[in-house]
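*Asks:* Structure below; questions to follow.
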Amino acid sequence: MANASTENNQFIVVHLMGNHGDYCLRYPTEYAKFQDDLTPEIFGKKLAGDNRQINCYDNSVTFNDYVVSSVIDKLAGAKRLATLTYLSDHADDVINAKGHNSSIFTYDMTSIPFLVWASDEYKDSHKERLDTLREHVDTPYANEQLFHYVLGNLGIRSDVYDPKQDIASTLYEGDKNNLDIVHRKFKWNSAENPVYEYARLNDKWNADEYGRVLPHRINSLGKLMDVRKYGLDGYETDLIFQDGVFKVSHDREDVHNLTLKDLLEYELPGKSMKIWLDVKNLGDQTFEGALSRLTELDATYDLKDRVIVESSTRSEKFADFSNAGFHISYYLPTGHIDDLLEEKDENGLKAEAQRVSEQAKLQNLSAVSFDIKLYPFVTEYLEQLLPQDIVYHTWDLKKSYEDKDIEAKLGDTKYSSNKRIKTILLDLPSKFHL
């Protein structure tokens, strides 16, 4: 770097290899922080195991972060008007091992970091630009517009400068609906771009009721990162209460180390995410400890106003969770009721509805939850026996966020317009599935 003590203005460009493939060649030995096999509770079953390229990529990010922070430290030490902008020219589709080969383009090749640092001197003299940047922090921006941002930062005015393409200008006209990327070959607002499309669906489906449509089975940290990436309102996860903690697992025989607390720590910052907790083993041996632990977590993460505590238990002690202020839901027995529907067993369906209604009173239920195939049972037999304030939560896993016509598919269902249904779970495709 040039001598920072000079009185002349300086414009310095530092070109880093950063995280460019081959990832394993992009860091010194002492930055080989990630060497162990990938664990399923973080990466899911498909990616778990010995995956050298992902470890090398993560190591290269660690080293690149050090390099960028070192440049910032030098600028900060100069005690002068200075700003640093860091961004990449492209991303890599690391998970699918496609690099950044545009001939096999995926949208994972387009999401890049854009970091701005400013000295105290710069903050004092360029407050408007920095405030504008903060206002635009969630606005999509193509690095192909960087030329105009740089001219704006340098205070250069010319016929070629367009403030409408300068993200730090109050005249910036950033519009994710009209953003062209990759030399104008692709559009950001494409149904092929899950980051755009899933966020759009989330906003539409949940406009009238927060978190009404959510992704099912977020049982790995990687899959939670997908939820964050898409900006979804919340998620459903499976829990086993064991050794005093809630462990994230669908299978009681295959319990991993990921905990509910881990998920809560990595939720989308600044968003009060709705969470459906499917607790698989609530019973006489776990009620007291599970409620105690959930109450502890509530004190830190404010859970009572945003979680559904679901269980298939028929015990009266489930009411303790409701009495403690949690929204609780009884998981209707899918197989049994589905058999009754198939057999058109009118007496059996009426008897089951009566049983559930009595249990609802006993447990002080807030809701019942069910596979959507049980919807006829709920509306034709159970609903008339339940108090109006008991709501429904359901899942329809034949439908997925990635379905090309998912908006029409969901809109055409009878249940989607039922206001008593407060949550609908759909499948969320992910490489991190567990």
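The values are calculated or read from the model by the stated rules, or taken from the named source; none is laboratory data. Only a predicted model underlies this, so the values are computations on that prediction, with no experimental measurement involved. So basically every Cβ, Gly included, is an ideal-geometry build from the backbone, and we count neighbours across all protein chains shown.
*Asks:* Take region 348-370 and flag every residue that is of a type outside the set (Gly, Ala, Ser) and in contact with a Leu (Cβ under 8 Å, 6 or more places away or on another chain).
*Replies:* Leu349, Glu352, Gln354, Val356, Gln359, Val368, Phe370, listed by residue number.
*Asks:* Something else about it: Whether any residue in region 253-275 is surrounded by fewer than 22 Cβ atoms within 10 Å (Cβ to Cβ), closer than 20 Å to Thr39 by Cα, at pLDDT 95 or above and acidic (Asp, Glu) is what I want to check.
*Replies:* yes
*Asks:* Here's a follow-up. Would you confirm, using the coordinates I've provided, whether Leu81 is assigned to a helix (DSSP H, G or I) and surrounded by 13 or more Cβ atoms within 10 Å (Cβ to Cβ)?
*Replies:* It is false that Leu81 is assigned to a helix (DSSP H, G or I) and surrounded by 13 or more Cβ atoms within 10 Å (Cβ to Cβ).
*Asks:* If you don't mind, another one. Residues that are surrounded by fewer than 12 Cβ atoms within 10 Å (Cβ to Cβ), farther than 30 Å from His433 by Cα and among the aliphatic types (A, V, I, L, M): does region 2-11 have at least one?
*Replies:* Yes.
*Asks:* Here's something else I'd like to know. Give me a count of the residues in region 186-245 that are among the hydroxyl-bearing types (Ser, Thr, Tyr) and under 18 Å from Glu407 (Cβ atoms).
*Replies:* Qualifying residue count for the region: 4.
*Asks:* Leu16 passes all but one of (1) more than 24 Å from Met109 (Cα to Cα); (2) among the hydrophobic types (A, V, I, L, M, F, W, C); (3) in a loop (DSSP other than H, G, I, E, B); which number fails?
*Replies:* It is condition (1) that Leu16 fails.
*Asks:* What do you reckon, is Ser249 surrounded by fewer than 18 Cβ atoms within 10 Å (Cβ to Cβ) and either polar (S, T, N, Q) or not assigned by TED's automatic domain parsing to the domain that holds Gly222 (or both)?
*Replies:* For Ser249, the condition - surrounded by fewer than 18 Cβ atoms within 10 Å (Cβ to Cβ) and either polar (S, T, N, Q) or not assigned by TED's automatic domain parsing to the domain that holds Gly222 (or both) - is not met.
*Asks:* Determine if region 143-161 includes at least one residue that is in contact (Cβ under 8 Å) with a residue 40 or more places away in the chain, surrounded by 14 or more Cβ atoms within 10 Å (Cβ to Cβ) and in a loop (DSSP other than H, G, I, E, B).
*Replies:* Checking region 143-161: not a single residue is in contact (Cβ under 8 Å) with a residue 40 or more places away in the chain, surrounded by 14 or more Cβ atoms within 10 Å (Cβ to Cβ) and in a loop (DSSP other than H, G, I, E, B).
*Asks:* Let me ask another. The conditions are (1) within 30 Å of Tyr196 (Cα to Cα); (2) without any contact (Cβ under 8 Å) to a residue 60 or more places away in the chain, and Asp284 fails exactly one of them. Which is it?
*Replies:* Going through (1) within 30 Å of Tyr196 (Cα to Cα); (2) without any contact (Cβ under 8 Å) to a residue 60 or more places away in the chain one by one, Asp284 breaks only (1).
*Asks:* What residue, among those in region 204-241 that are under 24 Å from Phe370 (Cα atoms) and of a type in the set (Asp, Glu), is farthest from the chain's Cα centre (by Cα)?
*Replies:* So, considering only residues that are under 24 Å from Phe370 (Cα atoms) and of a type in the set (Asp, Glu), the one farthest from the chain's Cα centre (by Cα) is Asp208.
*Asks:* Identify all residues within region 380-395 that are out of contact with any Leu (no Cβ under 7 Å at 6 or more places or on another chain), buried (at least 16 other Cβ atoms within 10 Å of the Cβ) and part of a loop (DSSP other than H, G, I, E, B); write none if there are none.
*Replies:* Leu386
*Asks:* Follow-up. Of the residues that sit in region 184-207 and are at pLDDT below 95 and of a type in the set (Phe, Trp, Tyr), which one is surrounded by the fewest Cβ atoms within 10 Å (Cβ to Cβ)?
*Replies:* Checked region 184-207; the qualifying residue surrounded by the fewest Cβ atoms within 10 Å (Cβ to Cβ) is Phe186.
*Asks:* Of these, Lys409, Lys398, Lys361, Lys414, which one is basic (Lys, Arg), surrounded by fewer than 20 Cβ atoms within 10 Å (Cβ to Cβ) and under 20 Å from Ser311 (Cα atoms)?
*Replies:* Being basic (Lys, Arg), surrounded by fewer than 20 Cβ atoms within 10 Å (Cβ to Cβ) and under 20 Å from Ser311 (Cα atoms) holds for just one of Lys409, Lys398, Lys361, Lys414, which is Lys361.
*Asks:* Tell me, please, whether a residue that is closer than 16 Å to Lys431 by Cα and without any contact (Cβ under 8 Å) to a residue 12 or more places away in the chain can be found in region 32-49.
*Replies:* Looking for residues that are closer than 16 Å to Lys431 by Cα and without any contact (Cβ under 8 Å) to a residue 12 or more places away in the chain, one finds at least one in region 32-49, hence yes.
*Asks:* Tell me which residues, restricted to region 102-142, are assigned to a loop (DSSP other than H, G, I, E, B) and of a type in the set (Ser, Thr, Tyr).
*Replies:* Matches in region 102-142: Thr106, Thr110, Ser111, Ser119, Thr139, Tyr141.
*Asks:* Let me ask something else. Identify the single condition in (1) more than 30 Å from Asp226 (Cβ to Cβ); (2) surrounded by fewer than 19 Cβ atoms within 10 Å (Cβ to Cβ); (3) in contact (Cβ under 8 Å) with a residue 24 or more places away in the chain that Ala353 does not satisfy, given that it satisfies every other one.
*Replies:* Against the list (1) more than 30 Å from Asp226 (Cβ to Cβ); (2) surrounded by fewer than 19 Cβ atoms within 10 Å (Cβ to Cβ); (3) in contact (Cβ under 8 Å) with a residue 24 or more places away in the chain, Ala353 comes up short only on (2).
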